[in-house]
1. Could you order A:63, A:103, B:111 by accessible surface area, starting with the largest, using a probe radius of 1.4 Å?
2. Which value, in Å³ per residue, describes the convex hull spanned by the Cα atoms of the protein assembly as shown?
3. How far apart, in nm, are two points set 7 Å out from the Cα along the Cα-to-Cβ line at residue B:113 and at residue A:26?
4. Using all C-alpha to C-alpha distances in the stretch B:45-86, build P(r) with 5 Å bins and read off the rounded percent in each one.
5. Per-residue Cβ counts within 10 Å, from other chains only, averaged over B:98-108: what number is that?
6. For residue A:57, list the lysines whose Cα falls under 21 Å from its own Cα; do not include residues on the same chain fewer than 8 positions away.
7. Could you name the aspartates and glutamates in cross-link range of residue B:78, using Cα to Cα under 15 Å and dropping any fewer than eight places away on the same chain?
8. On a C-alpha basis, how far is the centre of the stretch B:50-70 from the centre of the stretch A:1-49 in Å? Whole number, if you could?
Amino acid sequence: QQQVKQSPQSLIVQKGGISIINCAYENTAFDYFPWYQQFPGKGPALLIAIRPDVSEKKEGRFTISFNKSAKQFSLHIMDSQPGDSATYFCAASTDTDKLIFGTGTRLQVFP
Amino acid sequence: DARVTQTPRHKVTEMGQEVTMRCQPILGHNTVFWYRQTMMQGLELLAYFRNRAPLDDSGMPKDRFSAEMPDATLATLKIQPSEPRDSAVYFCASGPLLNTEAFFGQGTRLTVV
């Protein structure tokens, strides 16, 4: 019930391509869905977040798509760049509880 | 430049020794989390606090791990005795509230030999 399932585990994309990472959850009480980006040797940092009152949120090349009925949300990185190579974590929480992270996706963008 | 500060950044210790990791959350943040990151398990939540009170430490092995917030500017995670399987990167994060952005520190890389 508290899990957030993330896929794929790793992703290789060519520069300029679209990177797509998916997450699914069971707990319908979750109402905050952030994505974190982590570079080697650093802590995760918030990339973009969405709440369930909207189906999509875009910030630059990064878009979250949210499907409340399917209990799924995804991160799309348009025009992927080598600098986007990192590990991406989806997460979810309720307004009274902890942030639960997915297992992470290692993205590699090749020139 | 507000940031979460963790010390030490690296720690190598022998099995059976006590290890203490420290975290200074961002001033004004009342929620503090401890996560452990390994290749196999990803980011595991060990414990979290709100207003210095522990809310959930169900992710911690109780027999050897303990987490405290002696004051609003310091959170500690202690392992006694340490074991090789405790080798991981331990992250502290703080946030202004639950259900909002959590700001992570740089982590403490622990190696138990």
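The values are calculated or read from the model by the stated rules, or taken from the named source; none is laboratory data. Everything quoted here is computed from the prediction, not taken from an experiment. For neighbour counting, all protein chains shown are included, and Cβ atoms are generated from backbone atoms with ideal geometry for every residue, glycine included. Please note that ligands, DNA and RNA were not included when accessible areas were found on the heavy atoms of the full protein model with its side chains. Shrake-Rupley method; radii C 1.70, N 1.55, O 1.52, S 1.80 Å.
1. Putting A:63, A:103, B:111 in descending order of accessible area: A:103, B:111, A:63.
2. Convex hull of Cα atoms, per residue: 123 Å³.
3. It is 4.2 nm.
4. Computed distribution, short to long bins: 6, 22, 32, 22, 13, 5, 1.
5. The per-residue average across the peptide is 6.
6. Candidates past the 8-residue exclusion: A:5, A:68, A:71.
7. Straight-distance partners of residue B:78: B:14, B:18, B:57, B:63, B:68, B:86.
8. Cα centroid to Cα centroid, the span is 26 Å.
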